1. Two decimals is fine: what is log10 I(q)/I(0) at q = 0.18 Å⁻¹ for the stretch A:301-384, from a Debye sum with one equal scatterer on every Cα and no solvent?
2. Separation between the residue B:257 and residue B:58 pseudo-spin-labels, each 7 Å from Cα along Cα→Cβ, expressed in nm?
3. What is the percent of Cα-Cα separations in the stretch A:117-209 that go past 19 Å?
4. Binning at 20 angstrom from zero up to the longest distance, how are the C-alpha pair distances of chain A distributed in percent?
5. For residue A:379 and residue A:20, calculate 0.36 nm times their separation in residues minus their Cα-Cα distance, and state this gained length in nm to one decimal.
6. Please state the charge dipole magnitude for the stretch A:1-128, taken about the Cα centre, from unit charges on C-beta atoms (+1 on K and R, -1 on D and E), reported in debye and rounded to the nearest 20.
7. What are the DSSP H helices in chain A that stretch 18 Å or more along their long axis, judged by alpha-carbon atoms, and whose average Kyte-Doolittle hydropathy comes to at least 1.0?
8. I'd like to know which of A:307, A:275, A:213 lies farthest towards the positive end of the charge dipole of the stretch A:76-333, counting +1 on Cβ of Lys and Arg and -1 on Cβ of Asp and Glu.
Amino acid sequence: MIELIKEMWPTLWPTLAAIAVILAFVPILGLYMTFIERKLAAYIQDRVGPNRVGPLGLLQAVADGIKIFLKEQVVPDHVYKFLYFVAPTISLMTAMFGLVVLPFGPVPPEYESGFRFIVAPGVDIGILLIFAISSLSAYGIILGGWASNNKYSLYGAIRSCAQFISYEIPLGLSILGVILAAGSLNIEKIVASQGASIWDWNFFWQPLAFVIFFTSSLAETNRLPFDLPECEQELVGGFHTEYSGIKFVLFFLAEYTHIVASSFMTVLLFFGGWHFPGLTGPVDGSTAGMLLRLFVLIAKVGAVVAFIMLLRWALPRFRFDQLMGLAWKGLIPLGLVNLFLVAAVFTFDINKHFLAVTIVTIPIAGLISTWRLQRELNSTIALRAGKSGLGGASA
Amino acid sequence: MQAIGSYLSIPFAQSDPIETVSQLSGSWNLSMLIPILLGAAGYLLLQHGIVKGKQYLFMGVIAAVASVISASLFIPPAFENYILFLFCALATGGAFGFLTARDPVYAALGFATAVLSISGVMFMQSAMFVAAANMIVYAGAIIIIFLFVLMFAQQTNLRTYDVKLTYPVVAAPIGVIMLGTLVYCLTAEGAFPLSRPDATRAYSEASPPENLMTDEGNAAVKKLKTIEHTGSYKSVSPSTTSGLGRSLYTDYLLAVALAGTILTVAAVGAIALATKTTGEDV
């Protein structure tokens with residue numbers, strides 16, 4: 001056993017180091033993301049936000065963490081004890097396990113020795129593994145909701161589950177185009193395929209795929225336009241109604257980990273990963289180059305995370321039938337169309353940038369839905385006016 | 001095993017899966033049936049014990065543990081074999097749980113455990129794509145839908161006839177015969193025809209990747225070849241996924257097309273059945 005570890009050590013320690021980095025950063029990230037979210041929310045609502053603890057309120061996150069750890073463990077009498085305790089753990093575990101094949105920094109081609117910014121480099125099925133793991137993350141929520149033995153929790157869990165299964169399909173379809181372009185499921189190779197110029201970023205020639213991917217990944221993370229599983233007006237707290245203290249925090253740590261992971265995926269798949277025109281060339285092993293690329297990647301991810309947080313205050317929540325309709329009637333057909341177009345581009349050797357035209361489908365869809373909504377609204381108003389004899393618009 | 005193994009530089013990893021099977025060939029002896037029979041006995045006792053009482057349950061657990069220990073004696077001593085065996089044991093445990101759990105939700109979870117452990121076994125055999133697909137399709141979609149239904153149709157007090165299987169005494173010998181035959185086929189000399197991919201066929205998996213790169217009509221592959229500016233990213237195993245895809249769509253094209261057709265027909269049929277209205281307007 002000792003000899004085996006000794007023999008494996010040169011390849012083992014970078015893996016362990018990468019795991020340590022992930023394990024250390026996920027909780028800190030979760031705490032500080034809540035802080036940033038509160039600050040952003042405050043600025044949007046013309047408030048100051050948390051500003052008492054430490055300079056600029058920066059220690060607020062730490063104070064929150066300490067408070068949550070010291071909270072009383074409230075366990076309701078009517079829960080199924082085993083699953084009630086296991087569910088938050090499953091939630092966080094699946095969220096963190098997905099980070100195994102996700103490069104959180106530049107990965108040089110020679111990754112055999114030395115520290116690298118990924119736990120398992122060169123995994124041939126990279127994206128597929130992330131999908132496989134993240135498809136398990138519904139277990140945490142659905143078991144938590146069921147084990148709470150509470151109608152609201154169960155409804156939250158069922159909603160989450162239905163939403164999750166539905167949005168996994170467009171998510172997979174949107175990625176197929178990217179995989180087709182890179183010819184590999186390996187994330188490092190997909191990033192490499194976008195390295196030549198800024199116009200090679202998948203975002204600039206598969207904008208439709210990007211829109212589908214981003215929408216679906218928002219739905220997978222239960223973020224605001226899609227946060228029906230925990231909508232307060234209808235379900236008290238949704239699946240986490242019966243959870244408090246550290247168990248509650250585990251669920252939310254998982255959610256923030258999901259947000260970060262899907263931001264990383266967005267950047268790696270559609271925004272060229274650690275490449276930036278003028279700043280970075282081919283990946284070399286030098287420390288300065290690695291740090292620069294790390295900075296580029298983290299900056300891009302930060303921008304996506306901030307965008308997701310801003311979306312929270314820009315969009316209202318869906319109705320459940322609208323949510324399902326969007327996935328099954330909107331995103332899945334669009335995903336199929338996108339896949340077909342990408343395949344056609346490669347089969348007939350057309351210039352791939354013609355595909356950028358597909359972005360017009362989004363404004364067209366917007367126009368159609370606005371027109372239909374307006375027509376429906378008009379007919380309702382006319383109906384009400386006819387029935388009651390009042391100007392029904394305000395009713 | 002190759003993929004993870006060569007990355008962690010485990011000696012066993014370099015060997016071909018088919019060679020591993022051929023190493024097993026000829027190691028057959030009758031004592032290999034002992035763990036299978038013990039396992040069957042353990043299953044019957046556990047099944048009986050859940051309905052009847054504690055003492056059977058205890059004996060069942062003892063028989064199951066004895067089965068696991070006796071099976072572990074046949075494993076060649078190597079680090080990765082123990083991990084493999086752990087996954088197998090977990091899968092068997094999940095299956096036990098699935099069959100014996102009183103609550104349908106726990107039964108579904110046992111099933112999920114079994115499926116995930118089998119994925120683990122596949123990972124250990126470097127069948128990465130199949131493992132991930134297994135996780136997505138079974139653990140990620142199908143069992144979640146089971147749970148979904150079970151949670152809505154929640155049953156409270158179960159009767160014994162819900163827990164008791166109809167013919168466990170018939171099922172267990174059938175299982176023993178199947179497993180015994182499988183073990184015999186894998187270990188007896190000459191019983192298992194070792195076949196390799198046909199190297200003479202143009203598109204077979206056995207043909208080297210260099211040939212595939214120059215094939216016409218492979219825009220994606222050609223494109224990949226032109227991406228040289230960021231250096232070539234090493235893959236720990238020679239592109240198993242693309243090899244699998246190539247093999248599926250050339251060697252097994254008919255089977256894939258037939259399976260796809262059957263699935264499409266099934267989907268159409270399901271939709272047709274589901275939207276059948278009972279006189280009302282939809």
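Where a number appears in this text, it was derived from the coordinates with a stated rule and is not lab data. Computed from a predicted model, the values in this text were never measured in an experiment. Positions of Cβ are generated from backbone atoms using ideal geometry, with glycine treated the same way; all protein chains shown enter the neighbour counts.
1. -1.07
2. Those two pseudo-labels are separated by 6.4 nm.
3. 55 percent
4. Calculated over all Cα pairs of chain A, the distribution is 24, 54, 21, 2, 0 percent.
5. 123.2 nm
6. Taking the Cα centre of the stretch A:1-128 as origin, the dipole is about 600 debye.
7. Both cut-offs are met by A:2-44, A:81-97, A:151-182, A:207-220, A:245-270, A:287-312, A:332-347.
8. Going by the charge dipole, the pick is A:307.
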